[in-house]
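Have a look at the structure below, then the notes.
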Amino acid sequence: CRPWTIRRVVLQESLLLLVGCTVLLVRMPFSIAMPYLQARVLAKLAVKDAHEVWLTVKIMAVAGSVDAVLDFWCVYLFSLTKSRMVKSLRLALFDKLLRQEIGFFDVTPSGELSSRLTTDIATLANDMTWVFRFSIEAVARILGVGLTLFHTDWRLALVTCTSIPLIAAGNRVYGVWLRENAVKVQDSLAVANAVAQEVLSCFRVVYSFANERFESSRYRREVSE
């Protein structure tokens, strides 16, 4: 799929993405508040303030319930968006394949094309939807936790922030490595599916030449790769 096709699909589902991101942002304060409330319960237990302990526990119950309900709708909305994107991308790719020259199908195994239509599209749509959720959630959590830290003790917060450059550098290196290997994984899956499709569609020939063991070894090698 070309970049403009992907952008078009994202724009088609922009309303659902917007609603999902809104639900996520509304949920974040309730989620971020839980560790603070837990710490407050422990602090009040230490001084044996039963009234404050029960009050905080009740607030935790309400905040936790709201967080759980909003988290359900957040997952539902992003999953629905992903499914709709998968549908649109598969239809677009299939239409593109139907417009190819006959020679294209002579040199490209049908199993590989099937893998592109199924596995690759599903992975692409999953990445496109969940990147919205995790990016927004990461920024919201960093801001929320950072403000809480500085409000509690600015000196301890500064010490904590010294690890941010190291974490960012590590994530950058890991992201590049992960991206390169993700492409290799999808290519390997396509080759393995092409082998399986070839064998299963011509199984009478394989059976006639008693070639089952060879084909099994070939498929095993590609799956292992």
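The values are calculated or read from the model by the stated rules, or taken from the named source; none is laboratory data. From a predicted model like this one, the values you see are computed outputs, not experimental measurements. Cβ coordinates were reconstructed from backbone atoms using ideal geometry, including for glycine residues, and neighbour counts include every protein chain displayed. With ligands, DNA and RNA removed, areas are computed over all heavy atoms of the protein, side chains included. Shrake-Rupley method; radii C 1.70, N 1.55, O 1.52, S 1.80 Å.
Please count how many residues of region 117-131 are free of Cβ contacts under 8 Å to residues at least 40 places away in the same chain and of a type outside the set (A, V, I, L, M).
2
Only one residue in Glu215, Glu222, Glu198, Glu180 is assigned to a helix (DSSP H, G or I), loosely packed, with under 14 Cβ neighbours inside 10 Å and among the acidic types (Asp, Glu). Which one? Reasoning before the result, please.
On the way: Glu215 fails: loosely packed, with under 14 Cβ neighbours inside 10 Å; Glu222 fails: loosely packed, with under 14 Cβ neighbours inside 10 Å; Glu198 fails: loosely packed, with under 14 Cβ neighbours inside 10 Å.
Answer to the check: Glu180.
If you go through region 24-32 one residue at a time, do you hit one that is within 30 Å of Leu91 (Cα to Cα) and either free of Cβ contacts under 8 Å to residues at least 60 places away in the same chain or of a type in the set (Phe, Trp, Tyr) (or both)?
At the first step, the residues of region 24-32 found to be within 30 Å of Leu91 (Cα to Cα) are 24.
Imposing the further condition that a residue be either free of Cβ contacts under 8 Å to residues at least 60 places away in the same chain or of a type in the set (Phe, Trp, Tyr) (or both) reduces the set to none.
No.
Kindly establish whether Val107 is among the hydrophobic types (A, V, I, L, M, F, W, C), open to solvent by 80 Å² or more (accessible area, probe 1.4 Å) and more than 22 Å from Cys21 (Cβ to Cβ). Let's see the steps before the verdict.
Values: among the hydrophobic types (A, V, I, L, M, F, W, C): yes; open to solvent by 80 Å² or more (accessible area, probe 1.4 Å): yes; more than 22 Å from Cys21 (Cβ to Cβ): yes.
Yes.
Being in a helix (DSSP H, G or I) and surrounded by fewer than 10 Cβ atoms within 10 Å (Cβ to Cβ) narrows it down to one residue among Ile142, Ile167; which is it? If you could, list the steps in order and put the result at the bottom.
Working: Ile142 fails: surrounded by fewer than 10 Cβ atoms within 10 Å (Cβ to Cβ).
Step by step, each of Ile142, Ile167 is checked, and only Ile167 is in a helix (DSSP H, G or I) and surrounded by fewer than 10 Cβ atoms within 10 Å (Cβ to Cβ).
Looking only at region 1-50, how many residues end up being more than 21 Å from the chain's Cα centre (by Cα), open to solvent by 60 Å² or more (accessible area, probe 1.4 Å) and of a type in the set (Lys, Arg)?
Residues flagged as more than 21 Å from the chain's Cα centre (by Cα), open to solvent by 60 Å² or more (accessible area, probe 1.4 Å) and of a type in the set (Lys, Arg) within region 1-50 amount to 2.
Residues are listed down the side, and each one gets a yes or a no for (1) closer than 30 Å to Ser135 by Cα; (2) basic (Lys, Arg); (3) not in a helix (DSSP H, G or I):
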position	(1), (2), (3)
Lys44	no, yes, no
Glu52	no, no, no
Lys58	no, yes, no
Ala68	yes, no, no
